[in-house]
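Novice: Take this structure, written in structure tokens, and hold onto it; I'll ask about it next.
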């Protein structure tokens, strides 16, 4: 049962930011509500004020140019899974969005909300790290860009300041040689492990390899320990090194034992998924 | 959930022992602990524990009972509390021990923590991680406090 709260409906990002700054911990941004309202109905969290940002239509826009794909933070997973532009330019993210949670969540849940809630068993943050995304945070007095890998601080915690809103996700537009994939595995409602891999592949082999692991630990994270093992290698050499890179990524994933699997199990799955994600990216 | 922690403090054992019983100073080292009061000196205490994991905030009014006390060596205590707002309870069995080592004092904790109710829905991994952080911060705060004014 939901306890009483006051619904604020700001008409601009600046006004929303001002409300957040004024009411601090007693207020929370409300977008899709798929995580927040669940927690509130369970009585696990309570806020005196919810700041409804759904009417800020500018935050639902998607655009792409030669250098950057821009996704408004309020885009729902459904809007992204049905975006022809995303399907063409970023098939890995498009496929991820098709498989977020279930159809009810995808219909109203937003990409920005997913990132800001920082639930450890969420998919998008992991792939966005591998894609080299930056997240735009705005408040009444200005805006800044945060690298996806600096956004997640801990379980349910991000580097957003109290009066900041996530307004846009920016991803470098992939070049012809760019390859990426995201795979997840789990046996409960949420995934136990998610692995994202991205790199450039040309005649000289792999470059700018980025690997990220999510769901296993408190927050998604890049695993440079595994990236260096593949960077600069030819495709064949990289394939032979994948087991080693998988073990390295598993160890670096900060996996914790919980209902989704033991630490050892998750570390092993990281290795398995890295191999499969790599194969999926190169084919 | 079981927790074990040791911290080496450059201070004599008596000083560490006396510090533990100085409720106001001791409680100041426990992250999230407020409104501590003595119900019966050396035996019963009360405090409120406030912890936060992202949007989830719990507030446990907690009663602490000292079960055994071995001068300068060991304290066995039990703490229990309930957060009725979110319908959760916690129980902590705490074993605190002191020993001398190379002119320093080693302060050790063994804690057995049970969390019941909705809070448990957050998952064992997350709660254990948070409790580990709290215990770490506490041990470091005790060390700073005791070494700082020695």
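Novice: Would you point out the residue of the stretch A:191-204, among those that are surrounded by fewer than 20 Cβ atoms within 10 Å (Cβ to Cβ) and at pLDDT 95 or above, that is farthest from residue A:240 (Cα to Cα)?
Specialist: Only one residue tops the list, namely A:200.
Novice: Among the residues of the stretch A:242-255, are any surrounded by fewer than 18 Cβ atoms within 10 Å (Cβ to Cβ), without any contact (Cβ under 8 Å) to a residue 60 or more places away in the chain and under 20 Å from residue A:152 (Cα atoms)?
Specialist: Checked the stretch A:242-255: at least one residue is surrounded by fewer than 18 Cβ atoms within 10 Å (Cβ to Cβ), without any contact (Cβ under 8 Å) to a residue 60 or more places away in the chain and under 20 Å from residue A:152 (Cα atoms).
Novice: Return the only residue of A:212, A:216 being in contact with a helix residue (DSSP H, G or I) (Cβ under 7 Å, 6 or more places away or on another chain), assigned to a loop (DSSP other than H, G, I, E, B) and surrounded by 24 or more Cβ atoms within 10 Å (Cβ to Cβ).
Specialist: A:216
Novice: Is it the case that some residue within the stretch A:121-129 is in contact (Cβ under 8 Å) with a residue 60 or more places away in the chain and either in the same structural domain as residue A:273 (by TED's automatic domain parsing) or out of contact with any helix residue (DSSP H, G or I) (no Cβ under 7 Å at 6 or more places or on another chain) (or both)?
Specialist: Yes, some residue in the stretch A:121-129 is in contact (Cβ under 8 Å) with a residue 60 or more places away in the chain and either in the same structural domain as residue A:273 (by TED's automatic domain parsing) or out of contact with any helix residue (DSSP H, G or I) (no Cβ under 7 Å at 6 or more places or on another chain) (or both).
Novice: Separate question: Which residue, of B:66, B:92, B:23, B:50, is within 14 Å of chain A (Cβ to nearest Cβ) and without any contact (Cβ under 8 Å) to a residue 40 or more places away in the chain?
Specialist: Criteria check complete, one pass: B:50.
Novice: Of all residues being over 30 Å from residue A:52 (Cβ atoms) and within 14 Å of another protein chain (Cβ to nearest Cβ) in the stretch A:161-190, which is surrounded by the fewest Cβ atoms within 10 Å (Cβ to Cβ)? Just the residue, please.
Specialist: Restricting to residues being over 30 Å from residue A:52 (Cβ atoms) and within 14 Å of another protein chain (Cβ to nearest Cβ), the top hit is A:188.
Novice: If residue B:30 satisfies every condition in (1) surrounded by 14 or more Cβ atoms within 10 Å (Cβ to Cβ); (2) not in a loop (DSSP other than H, G, I, E, B) but one, which is the exception?
Specialist: Of everything listed in (1) surrounded by 14 or more Cβ atoms within 10 Å (Cβ to Cβ); (2) not in a loop (DSSP other than H, G, I, E, B), residue B:30 misses just condition (2).
Novice: Report yes if residue A:132 is assigned to a loop (DSSP other than H, G, I, E, B), more than 14 Å from chain B (Cβ to nearest Cβ), within 13 Å of residue A:170 (Cβ to Cβ) and in contact with a strand residue (DSSP E or B) (Cβ under 8 Å, 6 or more places away or on another chain), otherwise no.
Specialist: When the stated conditions are applied, residue A:132 passes them.
For every residue, the table says whether it meets (1) part of a helix (DSSP H, G or I); (2) over 18 Å from residue A:225 (Cβ atoms); (3) away from chain B (no Cβ under 14 Å).
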| site | (1), (2), (3) |
| --- | --- |
| A:243 | yes, no, yes |
| A:247 | yes, no, yes |
| A:266 | yes, no, no |
| A:270 | yes, no, yes |
| A:274 | yes, no, yes |
| A:278 | yes, no, yes |
| A:281 | yes, yes, yes |
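Novice: Can you tell me which residue in the stretch A:137-148 is nearest to residue A:222 (Cα to Cα), limited to those that are in contact (Cβ under 8 Å) with a residue 24 or more places away in the chain and crowded, with 19+ Cβ neighbours inside 10 Å?
Specialist: A:137
Novice: Of these, B:35, B:70, B:14, which one is at pLDDT below 90 and either over 30 Å from residue A:24 (Cα atoms) or within 17 Å of the chain's Cα centre (by Cα) (or both)?
Specialist: B:35
Novice: Then there is this: Can you pull out the residues in the stretch B:122-131 that are in contact with a strand residue (DSSP E or B) (Cβ under 7 Å, 6 or more places away or on another chain) and at the interface with chain A (Cβ under 10 Å from one of its Cβ atoms)?
Specialist: Those that are in contact with a strand residue (DSSP E or B) (Cβ under 7 Å, 6 or more places away or on another chain) and at the interface with chain A (Cβ under 10 Å from one of its Cβ atoms): B:122, B:123, B:124, B:125, B:126, B:127, B:130.
Novice: Please find, among B:107, B:119, B:146, the residue that is within 14 Å of another protein chain (Cβ to nearest Cβ), crowded, with 18+ Cβ neighbours inside 10 Å and either more than 16 Å from the chain's Cα centre (by Cα) or farther than 19 Å from residue B:32 by Cα (or both).
Specialist: B:119
Novice: Please determine whether any residue of the stretch A:152-160 is surrounded by fewer than 24 Cβ atoms within 10 Å (Cβ to Cβ) and either under 22 Å from residue A:279 (Cα atoms) or more than 14 Å from chain B (Cβ to nearest Cβ) (or both).
Specialist: Looking through the stretch A:152-160, none of the residues is surrounded by fewer than 24 Cβ atoms within 10 Å (Cβ to Cβ) and either under 22 Å from residue A:279 (Cα atoms) or more than 14 Å from chain B (Cβ to nearest Cβ) (or both).
The values are calculated or read from the model by the stated rules, or taken from the named source; none is laboratory data. Keep in mind it's a predicted model, so treat the numbers as computed, not measured. Quick reminder, even Gly has a Cβ in these numbers, built from the backbone with ideal geometry, and neighbours come from all protein chains shown.
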